[in-house]
């Protein structure tokens, strides 16, 4: 069994090297230049095999996103808004959604969550005026920081805020790690399984799930890093192919990866243009969030309320 280091369910499934697995349903289609892959994990055995909790994972991929193509950005944002809207529970009446931007704003590859929060339309403080603004829903947002900076466990902070806000849903935004470097900055994963802060960089914290916060937890993430040992492994396989050698033995590759990790530590790599990628991704995700959470408002009305 391949043990690929990734936060993406589609990569975890592809890494098994099989066209089908019991307890896993996979569907792929294309829309507007964006490739969508839905992975549904329906039993505990499959969840253990993939290393992913049971639930639905939807991956949106668009290579031109890395080139800052405006059409790609628009297509990705529109599709993400549609799919997020389908995943959200009913928000009729006096209910609130809470958006959580995970990560460390001082470390660029990990700053996606806080960057999205800065562009999210927050309305909960307008509770007295909501009735006078037809169609405006109550939304709260927080970027709780990371334990190494605040000294507070992220899940504990979010759980206490959820007790106060009593949200109908919690939407978490976080940076992820990919297996394939081509997916860094060009892929967004949407899932209803919650999230484990810091998983992408090997800094495992307590998970943010419905059981932990008392409301459905939807997670949105984009891969911003890849493990250095994975790149070294890929380079070794590429050299083998270029030289016409016999494909490397999987066990030998796993041993090499473990040796690299023990020698160099759990190093990660990010693109040199990561600043621009984070800002672009934050704009796409925030726009999709605002559209999904405020479906009765136009883009112009959302922009006016944010000024």
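The values are calculated or read from the model by the stated rules, or taken from the named source; none is laboratory data. It should be emphasised that the depicted structure is a prediction, and the values quoted were computed from it without experimental measurement. Please note: Cβ atoms are built from the backbone with ideal geometry, for glycine as well, and neighbour counts cover all protein chains shown.
A few remarks follow.
- The single condition among (1) in contact with a helix residue (DSSP H, G or I) (Cβ under 7 Å, 6 or more places away or on another chain); (2) under 20 Å from residue 221 (Cα atoms); (3) in a helix (DSSP H, G or I) that residue 113 does not meet is (1).
- Put simply, of 179, 206 the only residue that is out of contact with any strand residue (DSSP E or B) (no Cβ under 7 Å at 6 or more places or on another chain), at pLDDT below 95, under 24 Å from residue 40 (Cα atoms) and buried (at least 20 other Cβ atoms within 10 Å of the Cβ) is 179.
- Selection status of residue 68, surrounded by fewer than 16 Cβ atoms within 10 Å (Cβ to Cβ), touching a residue at least 40 places away in the same chain (Cβ under 8 Å) and under 26 Å from residue 278 (Cβ atoms): yes
- Per-region count, the stretch 61-88, residues within 23 Å of residue 143 (Cβ to Cβ) and not in a helix (DSSP H, G or I): 1
- One residue stands out among those in the stretch 124-147 that are in a helix (DSSP H, G or I) and over 16 Å from residue 101 (Cα atoms): the one that is modelled with the lowest pLDDT, which is 130.
- Residue match in the stretch 153-175 (condition: over 20 Å from residue 209 (Cα atoms) and part of a loop (DSSP other than H, G, I, E, B)): no
- Look at (1) over 18 Å from residue 182 (Cα atoms); (2) crowded, with 16+ Cβ neighbours inside 10 Å; (3) out of contact with any strand residue (DSSP E or B) (no Cβ under 9 Å at 6 or more places or on another chain) and you find that residue 32 fails only one, number (2).
- Tally, over the stretch 1-40, of residues that are in a loop (DSSP other than H, G, I, E, B) and either touching a residue at least 24 places away in the same chain (Cβ under 8 Å) or in contact with a helix residue (DSSP H, G or I) (Cβ under 8 Å, 6 or more places away or on another chain) (or both): 14
- Check on residue 56, under 13 Å from residue 190 (Cβ atoms), touching a residue at least 40 places away in the same chain (Cβ under 8 Å) and not in a loop (DSSP other than H, G, I, E, B): yes
- Of all the residues in the stretch 71-88, those that are crowded, with 21+ Cβ neighbours inside 10 Å and under 20 Å from residue 26 (Cβ atoms) number 2.
- Selected residue (only one of 119, 105 is at pLDDT 95 or above, in contact with a helix residue (DSSP H, G or I) (Cβ under 9 Å, 6 or more places away or on another chain), more than 20 Å from residue 164 (Cβ to Cβ) and not in a helix (DSSP H, G or I)): 119
- Evaluation of residue 47 against (1) touching a residue at least 12 places away in the same chain (Cβ under 8 Å); (2) surrounded by fewer than 17 Cβ atoms within 10 Å (Cβ to Cβ) (one fails), failing number: (2)
- Against the conditions (1) touching a helix residue (DSSP H, G or I) at 6+ places or on another chain (Cβ under 6 Å); (2) under 28 Å from residue 56 (Cβ atoms), residue 183 satisfies every one except (1).
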